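Visitor: Could you have a look at this structure, given as structure tokens, before my questions?
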Amino acid sequence: MNIEEVREYTLSIPCVTEDQPFGDDLLVFRIEGKIFMCLWLGSTDGSDRLTARLEDARPRCAMKLTPERNEELREQYSAVTPAWHWNKKHWSDVYYESLDEKLVKEWIRESYDLVVSKLPKAVRQKYI
């Protein structure tokens, strides 16, 4: 998958919104105001704050998953690592260009479903 495909798929999930609260280099995806994924947009000149702090500038997104799932995926796939600048227990960086499209879509949906499962019951009912 490329960055456009990741964004298109994520926005195709019901009621997902996007914004850029952390600057022009990060696109945040939310459900009911809760973040479930953050897509690094990078920069062509290397001036963004994330590139400046990272040696690895490969395209990636941070996904919220359960701690157990994060450990499992990190052990299984070299393209899944602890998320930089996020809680490493709950967030993983996923280098989507190095993975099968089906897996990436599955994990995006899993991240979305996890956040939906934590919403108040009355709100959660809209998504079940």
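Visitor: Report the calculated FRET efficiency for THR17 and GLU75 (r = Cβ-Cβ distance, R0 = 41 Å), to the nearest 0.05.
Guide: It comes out at approximately 0.80.
Visitor: Mind checking the per residue accessible area of the chain for me, 1.4 Å probe, whole number of Å²?
Guide: For the chain, the per-residue accessible area is 56 Å².
Visitor: So for the chain, if I pair up every lysine 8 or more residues apart or on another chain, how many of those pairs have alpha-carbons under 26 Å apart?
Guide: Lysine pairs satisfying the spacing and distance rule in the chain number 28.
Visitor: GNM on the chain, C-alpha springs below 10 Å: top fluctuator among CYS15, CYS61, CYS38?
Guide: Between CYS15, CYS61, CYS38, it is CYS15 that shows the largest mean-square fluctuation.
Visitor: Based on DSSP H runs of at least 4 residues, each adding -39500 (n - 2.57), what is the mean residue ellipticity at 222 nm of the chain after dividing by all its residues, to the nearest 500 deg cm²/dmol?
Guide: -10000 deg cm²/dmol
Visitor: So how much accessible area does SER12 have, in Å² to the nearest 10, using a 1.4 Å probe?
Guide: 80 Å²
Visitor: Calculate the dipole size of the chain relative to its Cα centre from +1 charges on Lys and Arg beta carbons and -1 charges on Asp and Glu beta carbons; express the result in debye to the nearest 20.
Guide: For the chain, the charge dipole is close to 740 debye.
Visitor: While we're looking at this one, here's another question. Does the chain come out rounded, prolate or oblate by the C-alpha gyration tensor, with a ≥ b ≥ c the root eigenvalues, rounded set by a/c under 1.5 and, if not, prolate when a/b is larger than b/c and oblate if not?
Guide: Prolate, since a/c reaches 1.5 and a/b exceeds b/c.
Visitor: Continuing with the same structure: With the Cα gyration tensor of the range 88-128 giving a ≥ b ≥ c as the square roots of its eigenvalues, does the rule (a/c under 1.5 for rounded; else a/b larger than b/c for prolate; else oblate) give rounded, prolate or oblate?
Guide: It comes out oblate by the Cα gyration axes.
Visitor: Still on this structure, please answer the following. Given H placed on each backbone N at 1.01 Å, which residues far from MET37 in sequence or on other chains put an amide H within less than 5 Å of it?
Guide: Counting only residues 5 or more places away or on other chains, the set is PHE29.
Visitor: Okay, next question. Going highest first, how would you order 24-32, 1-9 by mean Cβ packing within 10 Å?
Guide: 24-32, 1-9
Visitor: Here is a further query. Which of the peptides 102-110, 68-76 is most tightly packed, and how do the rest follow, judged by the mean count of other Cβ atoms within 10 Å per residue?
Guide: Order by mean packing, descending: 102-110, 68-76.
Visitor: Now for a separate question. With a point put 7 Å past each Cα toward its Cβ, work out how far VAL123 is from HIS85 in nm, to one decimal.
Guide: Using points 7 Å along Cα→Cβ, the separation is 2.5 nm.
The values are calculated or read from the model by the stated rules, or taken from the named source; none is laboratory data. If you're wondering where the values come from, they're calculated on a predicted model, not measured in any experiment. Methodologically, a virtual Cβ is constructed for each residue, glycine included, from the backbone with ideal geometry; neighbour enumeration extends over all protein chains shown. All accessible areas refer to the heavy atoms of the entire protein, side chains included, with ligands and DNA or RNA removed. Shrake-Rupley method; radii C 1.70, N 1.55, O 1.52, S 1.80 Å.
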